[in-house]
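See structure below.
The values are calculated or read from the model by the stated rules, or taken from the named source; none is laboratory data. Keep in mind it's a predicted model, so treat the numbers as computed, not measured. Quick reminder, even Gly has a Cβ in these numbers, built from the backbone with ideal geometry, and neighbours come from all protein chains shown.
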Amino acid sequence: MSVAATYLVVLGDAGHKFLWYNGCTLSNQTSNLSIPKCNQCGCDLVLVKQKTEKIGNAFSPMTTTTYRCSNQECQDEIDRRVTKHLQLREERELARQNRLQLNIASRK
Ligand SMILES: [Zn+2]
């Protein structure tokens, strides 16, 4: 199964743009309005979805744009890496929560 969220462009406060790609943040990649290009193979990116939401206590809402590479072979490779990256992040988050609970327990 492949994940859809592979390319994320986050528009934050004061119009800062971040392109989230394979776990890396590249700024000003999409500063013009032209179609963003894949960082890996140079193919056009296809817009998957766009979501505007307020995250935490951020001052202004963030727009998250998700793209896919139009090159299927390249996208498959990205999917693999992103899936791995998300798994790692999840494991780290779980470990962090376990530590937190241990800390709370030891304080009692
Ligand atoms: Zn590509």
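Numerical summary
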{"read-out": "Subset of the range 33-64 [surrounded by 16 or more Cβ atoms within 10 Å (Cβ to Cβ) and modelled with pLDDT under 75]", "value": "62, 64"}
{"read-out": "Close pairs (8 angstrom Cβ cut-off, 6 or more residues apart or separate chains): on the phi > 0 side of the Ramachandran plot in the range 37-63, of a type in the set (Lys, Arg) anywhere", "value": "none"}
